[in-house]
1. Looking at region 54-69, can you tell me whether even one residue there is under 24 Å from ASP112 (Cβ atoms) and modelled with pLDDT of 85 or more?
2. Are any residues in region 143-158 crowded, with 21+ Cβ neighbours inside 10 Å and either on the phi > 0 side of the Ramachandran plot or assigned to a loop (DSSP other than H, G, I, E, B) (or both), and if so, which ones?
3. Check PHE78 against each of (1) modelled with pLDDT of 90 or more; (2) under 16 Å from HIS126 (Cα atoms); (3) not in a helix (DSSP H, G or I) and name the one condition it does not meet.
4. When both residues are 6+ apart or on different chains and their Cβ atoms are under 6 Å apart, which pairs have a first residue that lies in region 80-98 and is basic (Lys, Arg), and a second that is crowded, with 18+ Cβ neighbours inside 10 Å?
5. With ILE127, ILE161, ILE113, ILE139 as the choices, which residue is over 15 Å from VAL216 (Cα atoms), in a strand (DSSP E or B) and not basic (Lys, Arg)?
6. Which pairs do you get when a residue that is at negative phi and among the charged types (D, E, K, R), found in region 113-136, comes within reach of a residue that is part of a strand (DSSP E or B) and open to solvent by less than 70 Å² (accessible area, probe 1.4 Å), reach meaning Cβ atoms under 7 angstrom, with the pair 6+ apart or on two chains?
7. Can you pull out every residue in region 124-146 that is touching a strand residue (DSSP E or B) at 6+ places or on another chain (Cβ under 9 Å) and acidic (Asp, Glu)?
8. Could you count how many residues in region 217-230 are surrounded by fewer than 16 Cβ atoms within 10 Å (Cβ to Cβ) and touching a residue at least 24 places away in the same chain (Cβ under 8 Å)?
Amino acid sequence: RQKKVSEMKTDFINNMTHEFKTPIATISLASDSINNPNITSNPEKVMRFTNIIKQENQRMLAQVEKVLQMATIEKRDFELKISEVDIEEIILQAVEHANLRVLEQSGEITADIQLDQKYAEVDRTHITSIVHNLLDNAIKYTTKEPQIQVIARNTRDQLKIAIKDNGIGMTSESKKYIFDKFYRVHTGNRHDVKGFGLGLSYVKAMVDAHHGKVKVESEIGKGSIFTVFLPLKYKPM
């Protein structure tokens with residue numbers, strides 16, 4: 001039991017390190033871009049990268065808040081701030097941020113958004129975090145040039161967001177536990193990836209809070225598809 005507690009503590013530290021490394025890496029890339037002579041002479045591009053830095057800094061602050069709220073989330077003692085949110089805007093912004101890291105790895109990220117109804121009643125902060133978390137994992141678990149696709153569709157009453165990658169994939173056994181807190185997917189000899197920990201357990205908790213569903217399809221060596229289903233209209237229980 002003590003060993004298990006110790007392992008959980010180590011996993012927690014490792015996972016939170018990665019949660020913070022992602023926005024820090026994006027901020028670093030945006031800062032380097034601003035220092036490029038070709039960028040400094042273009043005020044529009046400078047503004048674009050400074051906005052990314054500001055937004056990523058806000059996201060890092062939100063992650064700190066997320067850690068503090070984990071106990072509250074587990075007890076379901078929290079309140080969503082529901083409003084009408086432009087889902088297309090949320091996705092495109094997340095894709096733009098992730099694109100910096102994907103290009104750094106000679107990869108490509110695309111957004112295939114076909115929404116008849118692009119507004120949904122959700123908590124903006126948490127939905128933004130869900131998309132960012134899934135994109136972070138897609139990039140983190142890809143050993144070659146990332147090829148990531150974000151697909152958004154909706155029916156009359158449901159929103160569907162799928163994030164597809166060409167990463168390392170996972171076994172059927174791993175898929176059973178993927179949304180458990182602190183669970184880490186076995187990555188063979190890769191030690192730079194510390195696992196799906198708080199990120200996916202947070203995603204699952206927030207999707208559940210919105211009365212939605214999240215599922216994963218995956219195959220070893222062929223990548224994964226994480227799909228989030230959310231009602232367009234929020235209905236309190």
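The values are calculated or read from the model by the stated rules, or taken from the named source; none is laboratory data. As the structure is a prediction and not an experimental result, all values here were calculated from the model. For neighbour counting, all protein chains shown are included, and Cβ atoms are generated from backbone atoms with ideal geometry for every residue, glycine included. Just the protein is used for accessible areas: all its heavy atoms, side chains included, with ligands, DNA and RNA removed. Shrake-Rupley method; radii C 1.70, N 1.55, O 1.52, S 1.80 Å.
1. Yes: region 54-69 contains one or more residues that are under 24 Å from ASP112 (Cβ atoms) and modelled with pLDDT of 85 or more.
2. Listed by number, the list holds a single entry, PRO146.
3. Just one mismatch for PHE78, condition (1).
4. As it stands, the answer is LYS81/ASP123, since those pairs meet every condition given.
5. ILE113
6. Qualifying pairs under 7 Å: ASP116/ASN154; LYS118/ASP86; GLU121/ILE82; ASP123/ILE82; ARG124/SER83; ARG124/VAL85.
7. GLU145 - this is the single residue of region 124-146 that is touching a strand residue (DSSP E or B) at 6+ places or on another chain (Cβ under 9 Å) and acidic (Asp, Glu).
8. Number of matching residues: 4.
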